[in-house]
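What follows is one structure encoded as structure tokens, with my remarks underneath.
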Amino acid sequence: MVAQEVPDLSRCLEEAHSLDESSTSCKEILSASNMKKSEVSGDMAKADIKPKSMHRAKIWSDDVENLYRFQQAGYRDEVEYKQVKQVDVVECWPETGFIKKLQRRDNTFYYYNKQRECEDKDVPKVKVYVY
């Protein structure tokens, strides 16, 4: 991310209280501090965000499993899927947290099992992107 000086939240609150109005940057900070995690990730998906770097997975984990599922369907990761398909939530299995269903770019669907689908031999094929 780009390093940017962010106004202190307490200073913004003081300005808003004493002046009955605040600068644009303070309003942005106040509204951002009240956002829920899902709203922030939704905003991240709406912006055209490109990864800074990429490396390959070495060992299996829950995150690697979900990345494997996204990449099977033709997407880098959840961020790109949400950008392309304009969805806020990806359907997951409640028991495991793994992706349940993804829509490919040609509008066909991939349905996934509750159990692990990324075999050990496929783990090094999974690309992990850093933003």
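The values are calculated or read from the model by the stated rules, or taken from the named source; none is laboratory data. Keep in mind it's a predicted model, so treat the numbers as computed, not measured. As a convention, Cβ positions derive from the backbone with ideal geometry for all residues, glycine included, and neighbour counts pool all protein chains shown. We work out accessible area using only protein heavy atoms, side chains counted, and drop any ligands, DNA or RNA first. Shrake-Rupley method; radii C 1.70, N 1.55, O 1.52, S 1.80 Å.
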For segment 92-101, indicate whether the set of residues that are under 13 Å from ARG69 (Cβ atoms), open to solvent by less than 40 Å² (accessible area, probe 1.4 Å) and in a strand (DSSP E or B) is non-empty. yes
Do you know which of the residues in segment 43-64 that are open to solvent by less than 30 Å² (accessible area, probe 1.4 Å) and within 15 Å of the chain's Cα centre (by Cα) is modelled with the highest pLDDT? VAL64
Name the pairs whose Cβ atoms lie under 6 Å apart, with the first residue in segment 104-131 and assigned to a loop (DSSP other than H, G, I, E, B), the second surrounded by 14 or more Cβ atoms within 10 Å (Cβ to Cβ) and hydroxyl-bearing (Ser, Thr, Tyr), and 6 or more positions between them or separate chains? LYS114/THR96; CYS118/TYR68; VAL126/TYR68
